[in-house]
1. When the Kirkwood hydrodynamic radius is evaluated over all pairs of different C-alpha atoms of segment 181-316, what value in angstrom, to one decimal, is obtained?
2. Measuring from centroid to centroid over Cα atoms, what is the spacing of segment 263-342 and segment 232-260 in Å?
3. Only Cα pairs under 8 Å and at least 6 apart count here; give the relative contact order of segment 154-310 as a rounded whole percent.
4. For segment 40-119 and segment 194-230, what is the separation of their Cα centres, given in Å?
5. To the nearest 10 degrees, how steeply does helix 259-268 sit against the main Cα axis of the chain, on a 0 to 90 scale?
6. Taking only Cα atoms, what is the 0 to 90° angle, nearest 10, from helix 236-255's long axis to the longest principal axis of the chain?
7. Explain nothing, just the number: relative contact order of the chain, from Cα pairs under 8 Å at least 6 residues apart, as a whole percent.
8. Can you give the Kirkwood hydrodynamic radius of the chain from its Cα pairs, in Å with one decimal?
Amino acid sequence: MHVIHMHCGFPRSGRRLLPTLCVLAVGCGAGPAARADDLEKAVFYLGWRAEPEFGGFFQALNTGLYRQHGLDVEIKVGSPQTNSQIILSLHKADFIEGSSGDAVNSLQQDIPLVTVAAMFQKSPRVLIAHAHRGNDTLEQMRGKPILIGAQALTTVWPFLKAHFGFTDDQIRPYTFNEAPFLRNEDAIQEGYVTEEPFTLTQLGVDHPVVLLLSDYGYQEYAMAITTNRETVEQRPDFVQRFVDASIEGWYSYLYQDPTPGNRFIRENNPDLSEALISYSIRTMREQGMVDSGDAKQLGIGAMNDERWASFYQSLVAAGVVPQGLDIKKAYTLKFVNRKVGL
C-alpha cells in the first residue's frame, strides 16, 4: 500500500476547522502510480463541504486514479460563502465545480471560464413540502412562500417563474437551516434530492413531498468541471487527463466500493453520518443523477450543444441574461463524449 501525504488546504466542516494535512492510503489494486517527481500539480476547488455529491472526485483521489493520469491533485473544500469563480479566475485553482447556470453567469460578466465536463446529467435541486398540505405539485405551490437560497435565484427561480407562474413575492431566504421548515407545516423549501429529504425525515417530517425539478424540465447541468479558457487553450492534455480520471472516479464511486471516496468525506466532514452518505449514493444511482441521458451512450461527463443552447434560451426568456451571448464560449465538448469508463 502506498501512503501519500497531500496538503488539503483549510477545509471547513460545519463548525470545525480540520488539519491541513491529509494522509491518503492508496490500495495496491489501484494500478501503477507515477513517481511523485513525474506528477503535474492540479488544484481542484469545491465551493462546499465534503459531501457524497462530490464523491467521484474523492474516489479518483483516494484510489490513485489521478496519479495514474500523471496528476498530483489537491482537492480543497470550501463553504457556501466562498466564490469559486473568483478563486479560479485569480488562478488560485486549476479547476472548480460548477453548473451550466454558473457558466452562463460568468459568460454574461465576461469572465473567461469554460465548462469542460458535467458529471450530473440531472440537477439534484428539489422543492420540498410537508405532506397533506396541498403542495403536491409545482402548480399548487404557485403564490405560496418558498424558502430559496441566493444562488438559486439566478437559475432555478427564473425557471419556476417562466414555466409555473411563480412570482418574486413568494421568495423567502433559505440559509440551509431546516428550523423554519420544521416550525411551519405550510413551509416549502429548496434542497438537494441527495440530502434534505433524508435529513428532514430524520428530524421527524413524515413522508415529505419531494419534487425533482429536472423531472419538470429543468435542464441545468450540475457537478460540472470548470476551468479557465487559457488552460483549455494552452494545456489541453492537462485538462483531458483531469477529466478522464474524474470520470473513472465517478464510475468507481457509484458501481464499485465507495469506501475510498467516503474516507475523504469522513476526514473532512466528520459530522456527516454514514446513513446520510449511504442514502446519497443510493439516491444518485436510483435517480440516474450521473449515469443517464447522454451519459448512457457517451460516458459520464457527457454534454451536448442543444441542451446548452436550450438552457441559455430559457434564461433569456426569463429575463435573467440578454440575448446575443455566444453560449459556445461557456463550454467545450472536446474533452467529453469519448466513452471513457464505459
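The numbers here are math on the coordinates, done by the rules we state, and not lab data. Keep in mind that this is a model prediction, so the values were computed, not measured. When we count neighbours, we look across all protein chains shown, and the Cβ atoms used for this are built from the backbone with ideal geometry, even at glycine.
1. 17.7
2. 14
3. Numbers: 60 pairs, mean separation 33.7, N = 157.
Rounded, it is 21 percent for segment 154-310.
4. One Cα centre to the other: 19 Å.
5. 70
6. 70
7. 26
8. On the way: mean 1/r = 0.0486 Å⁻¹.
When all Cα pairs of the chain are included, the Kirkwood radius is 20.6 Å.
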